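Please treat every number below as a calculation from the coordinates, not as lab data. Computed from a prediction, not measured in an experiment: that's the story for all the values here. Ideal geometry is used to build each Cβ from the backbone, glycine not excepted, and the neighbour counts take in all protein chains shown.
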Amino acid sequence: MALWKPDPTFYASPRDAVNAPAERLAYLAAFDRSETQPDAIAVLDVDPVSDTYGEVVGWTDMPYTGDELHHFGWNACSSALCPYAPHPHVERRY
């Protein structure tokens, strides 16, 4: 019988996540508090050796105002979502 293979981005613990290679890009929820413009997903270069370090290198507007990307669950640590020790109240959204 084949074993279920978890998503390779999951870490079994926060320690494993800390010991993993550093991220080179950060995906950020950008929102307009006044809700007059759609939220967006910003991509920030966080690689200290990159020529564009600290700059926004990508941007995608959402189609509607009030999408509230900051409520989509992206702040959930993947170790809390590990299939070997799941937390049923936490959901990962890609």
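Starting with the fewest neighbours, write out SER13, SER34 ranked by other beta-carbon atoms found within 10 Å of each beta-carbon. Let's see the in-between values first.
Numbers: SER13 14, SER34 7.
Going from least to most buried by this count: SER34, SER13.
What is the fewest-to-most order of ARG24, ARG33 by other Cβ atoms lying within 10 Å of their Cβ?
Taking fewest neighbouring Cβ atoms as first place, the list is ARG33, ARG24.
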